[in-house]
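Take a look at the structure set out below.
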Amino acid sequence: ADFYSPTELTDGFHLVIDALKLNGIDTIYGVPGIPITDLGRMAQAEGMRVLSFRHEQNAGNAAAIAGFLTKKPGICLTVSAPGFLNGLTALANATTNCFPMILISGSSEREIVDLQQGDYEEMDQLAIAKPLCKAAFRVLHACDIGIGVARAIRAAVSGRPGGVYLDLPAKLFAQVIDAQHGAKSLVKVIDAAPAQLPAPTAIARALDELRNAKRPLIILGKGAAYAQADDVVREFVERSGIPYVPMSMAKGLLPDTHPLSAGAARSTALKDSDVVLLVGARLNWLLSHGKGKAWGEPGSKRFIQIDIEPREMDSNVEIVAPVVGDIGSCVSALLDGLGDGWKGAPAEWVETIRAKREANIAKMAPKLMKNTAPMDFHSALGALRTVIKERPDAILVNEGANTLDLARGIIDMYQPRKRLDVGTWGIMGIGMGFAIAAAVETGKPVLAVEGDSAFGFSGMEVETICRYKLPICIVIFNNNGIYRGTDTDPTGRDPATTVFVPDSRYDRMMEAFGGVGAQVFTPDELKRAVDAAMDSGKPTLINAVIDPAAGSESGNIGSLNPQSVIKRK
Ligand SMILES: Cc1ncc(Cn2c(C)c(CCOP(=O)(O)OP(=O)(O)O)sc2=O)c(N)n1
Ligand SMILES: Nc1ncnc2c1ncn2[C@@H]1O[C@H](COP(=O)(O)OP(=O)(O)O)[C@@H](O)[C@H]1O
Ligand SMILES: [Mg+2]
C-alpha cells in the first residue's frame with residue numbers, strides 16, 4: 001500500500017497541472033508574467049509542452065485552432081488585465097467560429113478588485129469575459145480546481161464548441177492542501193462531448209425533402225470538418241450523388257477535384273438548387289443569410305439543416321427539416337435512411353453543375369499559367385496550387401483580402417482540416433498563431449499564405465517560429481499595401497492610409513532570427529523557394545513581389561463597404 005505521510009502536501013500550481021494532464025491536455029500556449037510565470041515553468045518541468053509567444057492574441061489563436069484540429073480544448077495562459085485582454089480577441093473569435101479553447105488568466109485578488117482599491121493589474125476579468133465567450137468560471141479554493149478545470153473542458157467541447165474563460169486569482173496558486181485530498185478533488189471528464197442523436201422523425205422528414213428534390217445541393221461547413229466524421233460525410237455525398245459546396249474550412253473533406261464538387265460552380269449551385277442540405281454550416285453573411293439574389297427566386301428554396309445547436313434553426317430563413325444532433329450521428333442516420341430506393345440526384349442537375357464547374361475552371365486556367373514578373377495574385381497562386389497538389393498533407397494557413405479570397409478558389413485542398421483561415425469573422429491576425437499550432441499539433445509542414453497587411457498583425461511571432469524550429473513556410477504576397485499598393489494621399493502630405501513602405505523586404509525579418517529568407521519575382525521562383533522550404537523543414541519567409549496595382553478593394557467583399565454620397569467641394 002502507498003505509504004502516506006500526513007505531511008504530504010500539494011498546492012494550486014500542482015493541482016492545475018495535474019487536472020490538465022489528467023484530462024489528456026499536454027500543451028499550453030501563452031505569454032509568461034505575474035502571476036503565472038512559475039505555473040508555465042512547472043508545467044514544462046512536468047513534461048507539458050509550454051510554448052511562449054510574443055503577444056497573447058497569437059497564443060490565443062494557436063489555442064483556438066489546436067481545439068479545432070484536436071477536438072480537445074486548446075489552452076491559452078496569460079497574465080492578468082492587459083494579458084487577459086490581449087487573449088480576449090482570440091477567445092471571442094474562437095467562440096464565433098465554434099473552436100474549443102480555454103483562456104486561463106491569472107487575476108488580481110477579489111477583495112481588492114471588488115473594493116476597487118487599485119491592485120496590480122486590477123480588472124474584473126470574469127465579468128468582462130462572460131459576454132464574449134461560451135462560459136466563464138473563477139476558482140477561489142485549491143480543492144475546487146479539479147471541478148473548475150472539468151467544467152471548463154466540458155463547456156468548451158460539448159454541444160456547439162466554443163471559448164471558455166477560467167479565472168485563477170494569484171492567491172489560489174500558492175494555496176496548500178493535503179495531497180491525498182487534492183488528488184481526490186481532481187475530475188477526469190467522462191464523455192466531454194457526448195454524441196447527440198437526431199430524432200428518427202427528423203431524419204424521416206429530411207429524407208422526404210431529399211426524395212422530392214429535383215436539384216438538391218449539400219453545403220459542408222467547418223462544423224463538418226471539426227466533427228471528424230470524414231468517412232460517413234464522404235460516403236453520404238457519394239452514395240446520394242448530390243453535388244456539394246464546401247465552405248472555406250470544409251474544403252478537403254472530399255478532394256476539391258471530386259466529380260461532385262460544386263465549389264467552382266457556387267453561384268449556379270446556390271441560385272438554381274431547390275433543396276439545400278446544410279451540414280455544420282450557418283446561413284450567416286458568408287451564405288448571404290440564405291436569401292437575396294444569390295439564392296435565386298424568393299421562397300424557391302427548402303432548407304434542411306444539420307446542427308448540434310437547436311437554436312441555429314430558423315436563425316435567418318425557415319428550416320423545413322431541422323436535424324438537431326452531432327454531424328456524425330446525423331449523417332450516419334441519413335445514410336442508413338437512404339436505403340436501396342434512393343436513385344441518386346437527378347442526372348440532369350448533376351450534369352448542369354459539372355458543366356458549369358468545368359467551364360469556370362477552364363476560364364480560370366490561363367490566368368494561373370503566367371510565369372512572368374511582376375506576379376499578380378492569380379499567377380502566384382497558380383504556383384502554390386501546384387505545391388499543395390504535390391504535397392496534399394501540408395497545412396495551408398491563409399489570410400488577407402485578395403490574398404485570401406483568390407486563394408480560397410484557386411488552391412484545391414485534398415484532405416480534411418488542411419485549410420485554416422479567417423473564418424466567420426474574417427479576422428486578420430490569425431496567421432502565425434494558427435501556423436504555429438498547426439505545426440505543433442500535427443507535425444505536418446505548414447504553408448502560410450499571407451497578405452502583407454495581414455502578416456503585420458502577428459509578424460513578430462517569426463521569432464517564436466525560429467525558437468521552436470517549426471516547419472513553417474510563410475509566403476507574403478507583397479503588393480505594398482492593403483488591397484493594393486497604389487493609393488495616394490490627395491493632400492500629398494502622407495502616404496495613403498492603405499499603403500506600406502515600397503519594396504519592403506519581409507524576408508529579412510526571418511533572417512534576423514536565424515530562419516531562411518528569400519525574395520521571388522516569378523511563379524517559378526516562388527515554387528522553387530517553397531519546395532526548398534518544405535523539403536528542408538526550416539522556418540522560411542518568402543517575400544513574393546506582387547504587382548501593387550493587382551488587387552481590388554476588400555477582395556471579394558467590397559460590396560460590404562458603406563459608400564459616402566456626399567462629395568465636399
Ligand atoms: C483585426 C482586423 N483588422 C482589420 C481588418 C480589415 N481588413 C484588413 C486590414 C485586411 C488586409 C488586406 O490587406 P492584405 O495585404 O493582407 O491583403 P491583399 O493586399 O492581398 O488584399 S482584409 C480586412 O478585412 C480585419 N478584417 N481584421
Ligand atoms: N460536431 C458537430 N455536430 C453538429 N454541428 C456542429 C458540430 N460542431 C460544430 N457544429 C456546428 O457547425 C456550425 C459551423 O457553422 P459555421 O462556423 O458557420 O461554418 P462555415 O463558416 O464553414 O459555414 C455551427 O453552427 C456549429 O454549431
Ligand atoms: Mg497586401
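Stretching the chain fully between Ser564 and Phe513 yields a gain of 13.8 nm (0.36 nm per residue, less the alpha carbon separation).
Treating each Cα of segment 404-531 as an identical point scatterer and summing with the Debye formula, the log10 of I(q)/I(0) at q = 0.11, 0.15, 0.20, 0.21 Å⁻¹ comes to -0.42, -0.78, -1.33, -1.43. Under the combined filter of DSSP loop state and at most 11 neighbouring Cβ atoms within 10 Å, segment 1-70 retains these chymotrypsin sites (Phe, Trp or Tyr not before Pro): Phe3, Tyr4.
The simple spin-label model puts a point 7 Å past each Cα toward its Cβ; for Ala549 and Ser300 those points are separated by 3.9 nm. Taking Cα centre as origin and charging only the Cβ of basic (Lys, Arg, +1) and acidic (Asp, Glu, -1) residues, the dipole magnitude of segment 449-509 rounds to 200 debye. Every helix of 4 or more DSSP H residues in the chain counts as -39500 (n - 2.57), and over all residues that averages to -11500 deg cm²/dmol at 222 nm. In percent, rounded to a whole number, the relative contact order of segment 450-553 is 37, using alpha-carbon pairs under 8 Å and six or more apart. Among the listed pairs Lys130/Lys251; Lys251/Lys469; Lys72/Lys134; Lys214/Lys293, those with a Cα-Cα distance over 23 Å are Lys130/Lys251; Lys251/Lys469.
Computed FRET efficiency, Cβ-Cβ of Glu122 and Gln44, R0 22 Å: what is it to the nearest 0.05? With a Förster radius of 22 Å, E is 0.15. Distance from the alpha carbon centroid of segment 410-443 to that of segment 194-262 works out to 22 angstrom.
Hey, how many Å between the Cα centroid of segment 380-404 and the Cα centroid of segment 470-506? Centre-to-centre distance over Cα atoms comes out at 21 Å. Between Asp119 and any residue 5 or more places off or on another chain, the built amide H atoms are never under 5 Å apart.
So, R0 is 25 Å and r is the distance between the beta-carbons of Lys184 and Lys71; what FRET efficiency does that work out to, to 0.05?
0.35
Set Lys and Arg Cβ to +1 and Asp and Glu Cβ to -1, take the dipole of the chain about its Cα centre, and tell me which of Ala407, Ser504, Pro346 lies farthest positive. Of the options given, the answer is Pro346. Amide H contacts of Gln519: Asn543, each under 5 Å away and 5 or more positions distant or on a separate chain (H built 1.01 Å from N in the peptide plane; Pro and chain starts excluded).
If the Kirkwood radius is taken over C-alpha pairs of the chain, then at 4 °C and 1.567 mPa s the Stokes-Einstein diffusion coefficient equals 51 µm²/s. The HN-Hα couplings worked out from phi for segment 153-165 by the Karplus form 6.51 cos²θ - 1.76 cosθ + 1.60 (θ = phi - 60°) are 5, 5, 5, 5, 10, 7, x, 6, x, x, x, 10, 9 Hz, whole numbers, x standing for Gly and Pro. Across the chain, Cα pairs under 8 Å and at least six residues apart give a relative contact order of 12 percent.
Which of Trp295, Trp285 comes first, and how do the rest follow, when ranked by fewest Cβ neighbours within 10 Å? Walk me through the intermediate numbers first.
On the way: Trp295 22, Trp285 13.
Lowest count first: Trp285, Trp295.
Across segment 366-378, computed HN-Hα scalar couplings (Karplus, 6.51 cos²θ - 1.76 cosθ + 1.60, θ = phi - 60°) run x, 5, 8, 8, 4, 10, 10, 10, x, 6, 10, 4, 5 Hz from first to last residue, x flagging Gly and Pro.
Amide H contacts of Val397: Leu420, Leu447, Ala448, Val449, each under 5 Å away and 5 or more positions distant or on a separate chain (H built 1.01 Å from N in the peptide plane; Pro and chain starts excluded).
Sorting 88-95, 57-64, 263-270 by their mean Cβ neighbour count within 10 Å, with the most densely packed peptide first, gives 57-64, 88-95, 263-270. Remark: Tyr414, Tyr483, Tyr244 ranked as Tyr414, Tyr483, Tyr244, counting other beta-carbon atoms within 10 Å and listing the fewest first. For segment 450-477, backbone nitrogen atoms closer than 14 Å to the point 7 Å from Asp494 Cα along Cα-to-C-beta are found at no residue.
Working note: Karplus 6.51/-1.76/1.60 with θ = phi - 60° gives segment 266-271 the couplings 4, 4, 5, 4, 5, 6 Hz, where Gly and Pro are set to x. Please report the spacing between the Cα centers of segment 311-341 and segment 102-142 in Å, no decimals. Distance between centres, Cα-based: 40 Å. Taking label positions 7 Å along the Cα-Cβ direction at both Ala359 and Glu111, the computed distance is 7.6 nm, reported to one decimal.
Throughout, read-outs are computed from the coordinates displayed, never taken from laboratory work. What you see is a predicted model; the values in this text were computed from it and never measured. All Cβ positions, even for glycine, are placed from backbone atoms using ideal geometry, and neighbour counts span all protein chains on display.
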